[in-house]
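A.B. asks: Before I ask anything, here is the structure I am working with.
The values are calculated or read from the model by the stated rules, or taken from the named source; none is laboratory data. Just so it is clear, the model here is predicted, and its values are computed rather than measured. Glycine gets a Cβ as well: all are built from the backbone with ideal geometry, and neighbour counts include every protein chain shown.
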Amino acid sequence: MRPLTVFLTLATAVVSLAQEPNAPDRILLMNGEIVRTRVLGQSTLEVRYQEFGKNGRVKERSEPTESVFSVTDSLGHERIWYFMDTAFGNDLNIEEMRCFLKGEQDARIGHRPRWPVWGGFVVGAGATIALNLEVNSLFLPPLYGAAMILPRVHVTKGSITDLTMEGNEHYAYGYAKVGKSKRIVRSMLSTAAGVAVGLAVRQLIINPSLPGYD
C-alpha cells in the first residue's frame, strides 16, 4: 500500500503543476534582468507581455526584440532571440553571452562596493569641512563618481551563484559592467551624503564658534 500511496501523491502533484494557470513565462533581457510575466506575442520587432502591478492591475507592455536574449515559456521551452553578429556589436556567441548575462545578474544582486562607498562619504564630509566648501561642494559627488570609473571591479566574496563561472572571462566582463555602474552610482550618493553632513557640521558647529561669526 505504501508504494501505491507514494505513486498517487506524485501523480497528483504532476497533474496540479500541469494545470497551474499562473505559471509565469520568463523574459531574459540583455542587461541580465529577468521579467516574470505572461507573454502575449513575439515577433522580430518586439515581445509583448503583461505587467502585473502590486494592486492587481494588469498592463500590456512591450520590449524591443533587440533588448531580449530569450523568452522561456511556462513549460521550460526557450526561444532565443539573441544572435552573434559583429556588425550589430554582438561579438559573443550564445553560450558566451549566457556567461556574460550571468555575471550581470550576480553583480546586480551580490556586488557590494563597500570601500568606495565609505570612501565617498569620507571625502564628501572631510573636504567640505576642511576646505569650508559651500556651493563648490556640489562638484564633489560627480568628481568622485568619475574617479570610480578607473579601478578594477573585484567580485564580492560569495556573490558567485554558479561556481563553474569562476575564472570565466565573459562572466567577469558582465560582472564588471554592472558592478562598475553600481559602484559609481552608490559612491556618488554616499559622497552627497557626506557633503550634507559636512555642510551641517560646518554651519551648525564650526562656524558659530569662530570669532566674529554672526
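A.B. asks: Test VAL71 against the criterion of being modelled with pLDDT of 95 or more and either in contact with a His (Cβ under 8 Å, 6 or more places away or on another chain) or more than 24 Å from ARG38 (Cα to Cα) (or both), and give yes or no.
C.D. replies: For VAL71, the condition - modelled with pLDDT of 95 or more and either in contact with a His (Cβ under 8 Å, 6 or more places away or on another chain) or more than 24 Å from ARG38 (Cα to Cα) (or both) - is not met.
A.B. asks: So LEU92 passes all but one of these: (1) farther than 20 Å from ALA193 by Cβ; (2) of a type in the set (A, V, I, L, M); (3) free of Cβ contacts under 8 Å to residues at least 60 places away in the same chain. Which condition number does it fail?
C.D. replies: Unmet condition: (3).
A.B. asks: Take the residues of the range 139-151 that are among the hydrophobic types (A, V, I, L, M, F, W, C) and either assigned to a helix (DSSP H, G or I) or not assigned by TED's automatic domain parsing to the domain that holds VAL178 (or both): which is surrounded by the most Cβ atoms within 10 Å (Cβ to Cβ)?
C.D. replies: Step one: filter the range 139-151 for residues among the hydrophobic types (A, V, I, L, M, F, W, C), giving 139-140, 143, 146-150.
Cutting the leftovers down to either assigned to a helix (DSSP H, G or I) or not assigned by TED's automatic domain parsing to the domain that holds VAL178 (or both) gives us 139-140, 143, 146-147.
Values: PHE139: 12, LEU140: 24, LEU143: 12, ALA146: 12, ALA147: 15.
Result: LEU140.
A.B. asks: How many of the residues in the range 173-208 are under 14 Å from GLU104 (Cβ atoms) and surrounded by fewer than 20 Cβ atoms within 10 Å (Cβ to Cβ)?
C.D. replies: Of the residues in that region, 6 qualify.
A.B. asks: I need the strands (runs of 3 or more DSSP E) fully contained in the range 21-138, keeping only those with at least 1 residues that are surrounded by 15 or more Cβ atoms within 10 Å (Cβ to Cβ).
C.D. replies: 25-29, 34-42, 46-52, 58-64, 68-72
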